[in-house]
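The values are calculated or read from the model by the stated rules, or taken from the named source; none is laboratory data. Computed from a prediction, not measured in an experiment: that's the story for all the values here. Cβ atoms come from the backbone with ideal geometry, glycine included; neighbour counts cover every protein chain shown.
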Amino acid sequence: MDAMKKRTVSLILITTVVIGLQGGRIARGETIEELDQRASMYYEQKEFSKALADWLRILDIDQNNENAQKKIEMLYEEKHKKDLSYQRARAYFRRAAEQMGVNFALAKLSSEEAIKNFVSAYRVDPNDPDLQAMREDMRKLQEEVRIEEEKRRLSAENKKRFDDFMLLAEEYMKKQDFEPAVKAYKAALKLLPKDLKAAEGYRTAEMALNNRLKFEKIQTLLVAGLALFNEKKYKEARMEYEQIIALDEKNKDAARFMRKIDDILEEGRNLELKRAQSEQLYQRGIENVQKKNFDQAVDDFESVLSLIPGYKDVKDRLANMDRLRKEWAEEQKFQRLKDIDKEFQNGLFAYANRKFKDALSYFEKTLRLDPGNELAKKYIDLVKDALKDVEEETVDTDSPYYDIVNSLVVSGRRLFDQGDYPESRQRWEKILKLFPKNKIAFEFLLKCEFKMNPRRFGEIAGKYVDEGKDLMKENRFDKALANFEMVKSISPEYPQIDELIAASRRGNQERKVFGGGATADEIEGAYNEGMAYYQRGGEGNVKLAMEKFQWVVARDPNNVKALINLNKIASQLRVGGGVIAAEEGVALTERQRQLVRQYYYNGIAYYTSNNFDKAIEEWYKVLAIDPTHEKARNNIKKCLVLLGR
């Protein structure tokens, strides 16, 4: 582990340089091809940090370079494969050591798995310091298995003789009778020359004979170390065993206990790391629930359980997630219905008050909230038609024709005032060629006709009055009024013009004719029936209410209250049936895309340096900007697997 720490520190420095280079220029003007060739050479030589640095430099030149992106991903996957194999090799090695004196069959299987995973990791990166250190452990494990197999091939008689010699040697060692102990170990080694336990016993007995002070010092340290170990004072115990190794570097007991202590201390560090990581994920999960990011919250809480299965109330929070999702969906649905209703009503009122641009904006918002809203689509078409009429009736100052039309209006009025009606008429006709419904031009054209040819004026005015009457039948009283007032402004004595103006102003509700011959009372009655059904609630009643409102609108298209309720019910049915499309996520800006790339590849650089916490931190930054980034999400899970082990 110390070697891993040193290596991590050194590689973090490399990574820092790598990340720094992402924002700078490339030295010596190297091309992408040159950088890629060098990175590939480093990769073949298993110098992964250098390879990663050059591929990241390529992305500094061309951030969308797919070749470099794929190779970085490949390097990351190989690194992950190596890390998993290394962790498995360590786990199986420990298991084999524990089982060796208890169940040889299981010990042998564990040793085979340990060696297989070690080889898999070693092939990826033979220069890895941890794998270099593990290589000797694997050799010893293989040797121990082979010796155990040899022991098992001994004849029953020789095996009994070997066991007897070993028991005898151990008895002599306890009595500190070292000379006969040496002889007993020698006899055992003649039967099984490479037995590690016999060889170690013989070496220890020889030391006791040849250097009694050293032997006794080691025994004292072993006793002290074991006492501290049993008291769980692992760091102090390790110091005792380190002293033994300083005196006797081949001491198996000291090495074995040091290995145990290292595993215990590492397990403790991992547990603390897991607790810290679990708390961070737990808090992130709570924050994501508050932000209504339920999928990310589930990922966070499940990651917590993968690290510490019973952590706090995580299981309860996960169990409540479906309920929270449904509640939030209902809140969203209710809010959207309110927004649909509000925007549609605003649109109707703006349309009624001839604020057509505002009306168009409101109806378009309605349609964005409810893409299937047919009423909104219908009114958008009506508003657009009205806007065209307005644009023709009055030329906007922003129009490219404004200066032309304005000069024609000024000269037309001047000529009319001077009594030059033919010339004035020519000006108004030019305007009407550009804008056939221009109100001012049409009014003055009629005035010119009235002055020049009263009979011709009567024909044109008659058609205009008839058009107004038709508009009244369609309940379009505002347009009808405009026609009648224009005729009266030219010919105040025009027959029945005052009555028509008065009727259109009142809306002539008493004599109003509805579609299908319906009366005002029938319209009002159908509306009230619809409201009664709607207030009773239930899907069946709501649909009956909708039919009533549809009947009203079919006969009275401008019945605002029926339109509002019809729109409200239709939207509710679509929302309840899941017809309304989910709003699309906001597209990332270019700056956000740059940050996503930066954080993602920073994460890979940290991962390559075995700095898993920093890698996870960078990938969470990616998800904060782009919650749909699956690679970052999967990489976090892979890191948590390694941390969990």
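For the stretch 452-463, which residues satisfy the criterion of being modelled with pLDDT of 80 or more, surrounded by fewer than 20 Cβ atoms within 10 Å (Cβ to Cβ) and touching a helix residue (DSSP H, G or I) at 6+ places or on another chain (Cβ under 6 Å)?
The answer is 452, and nothing else.
Just to verify a result, which residue in the stretch 188-209, among those that are basic (Lys, Arg) and closer than 15 Å to residue 152 by Cβ, is modelled with the highest pLDDT?
197
Among helices (runs of 4 or more DSSP H) lying entirely in the stretch 417-490, which contain 3 or more residues that are closer than 23 Å to residue 404 by Cα and of a type outside the set (S, T, N, Q)?
Ranges flagged: 421-434, 439-452.
Among the candidates 349, 334, single out the residue that is at pLDDT below 85 and either aromatic (Phe, Trp, Tyr) or part of a helix (DSSP H, G or I) (or both).
Going through 349, 334 in turn, the sole match is 349.
Of the conditions (1) modelled with pLDDT of 85 or more; (2) closer than 18 Å to residue 139 by Cβ; (3) crowded, with 18+ Cβ neighbours inside 10 Å; (4) of a type outside the set (S, T, N, Q), residue 100 satisfies every one except a single condition; which number is it?
The single condition residue 100 does not satisfy is (1).
What's the number of the condition residue 587 fails, among (1) under 30 Å from residue 82 (Cβ atoms); (2) surrounded by fewer than 19 Cβ atoms within 10 Å (Cβ to Cβ); (3) at pLDDT below 80?
All conditions pass for residue 587, except number (1).
Provide a single number: the residues in the stretch 583-631 that are within 25 Å of residue 273 (Cβ to Cβ) and either among the charged types (D, E, K, R) or in a helix (DSSP H, G or I) (or both).
Of the residues in that region, 24 qualify.
Residue 284 versus (1) basic (Lys, Arg); (2) in contact (Cβ under 8 Å) with a residue 12 or more places away in the chain; (3) surrounded by fewer than 20 Cβ atoms within 10 Å (Cβ to Cβ): which is the lone unmet condition?
Among (1) basic (Lys, Arg); (2) in contact (Cβ under 8 Å) with a residue 12 or more places away in the chain; (3) surrounded by fewer than 20 Cβ atoms within 10 Å (Cβ to Cβ), the lone unmet condition for residue 284 is (3).
Could you tell me whether any residue of the stretch 58-70 is over 20 Å from residue 259 (Cβ atoms), charged (D, E, K, R), touching a Gly at 6+ places or on another chain (Cβ under 8 Å) and at pLDDT below 85?
Yes, because at least one residue in the stretch 58-70 is over 20 Å from residue 259 (Cβ atoms), charged (D, E, K, R), touching a Gly at 6+ places or on another chain (Cβ under 8 Å) and at pLDDT below 85.
With respect to residue 179, is the statement that it is loosely packed, with under 13 Cβ neighbours inside 10 Å, touching a Phe, Trp or Tyr at 6+ places or on another chain (Cβ under 9 Å), farther than 22 Å from residue 93 by Cα and outside the structural domain of residue 101 (by TED's automatic domain parsing) true?
yes
Could you give every pair whose Cβ atoms fall below 8 Å, whose first residue belongs to the stretch 72-98 and is under 21 Å from residue 135 (Cβ atoms) and in the same structural domain as residue 44 (by TED's automatic domain parsing), and whose second residue is outside any helix (DSSP H, G or I) and of a type in the set (S, T, N, Q), counting only separations of at least 6 or pairs across chains?
83/610
Consider residue 355 carefully, then state whether it is basic (Lys, Arg), modelled with pLDDT of 85 or more and surrounded by fewer than 20 Cβ atoms within 10 Å (Cβ to Cβ).
no
Working only within the stretch 237-267, note down all residues that are assigned to a helix (DSSP H, G or I), of a type in the set (D, E, K, R) and surrounded by 19 or more Cβ atoms within 10 Å (Cβ to Cβ).
If the condition is that a residue be assigned to a helix (DSSP H, G or I), of a type in the set (D, E, K, R) and surrounded by 19 or more Cβ atoms within 10 Å (Cβ to Cβ), then 238, 240 are the ones that fit.
With buried (at least 21 other Cβ atoms within 10 Å of the Cβ) and at pLDDT 85 or above as the only criterion, which of 547, 618 stands out?
618
Pairs under 7 Å by beta carbon, first residue closer than 14 Å to residue 490 by Cβ in the stretch 418-443, partner loosely packed, with under 14 Cβ neighbours inside 10 Å, six or more apart or different chains?
Partner pairs satisfying both residue conditions: 421/452; 443/489.
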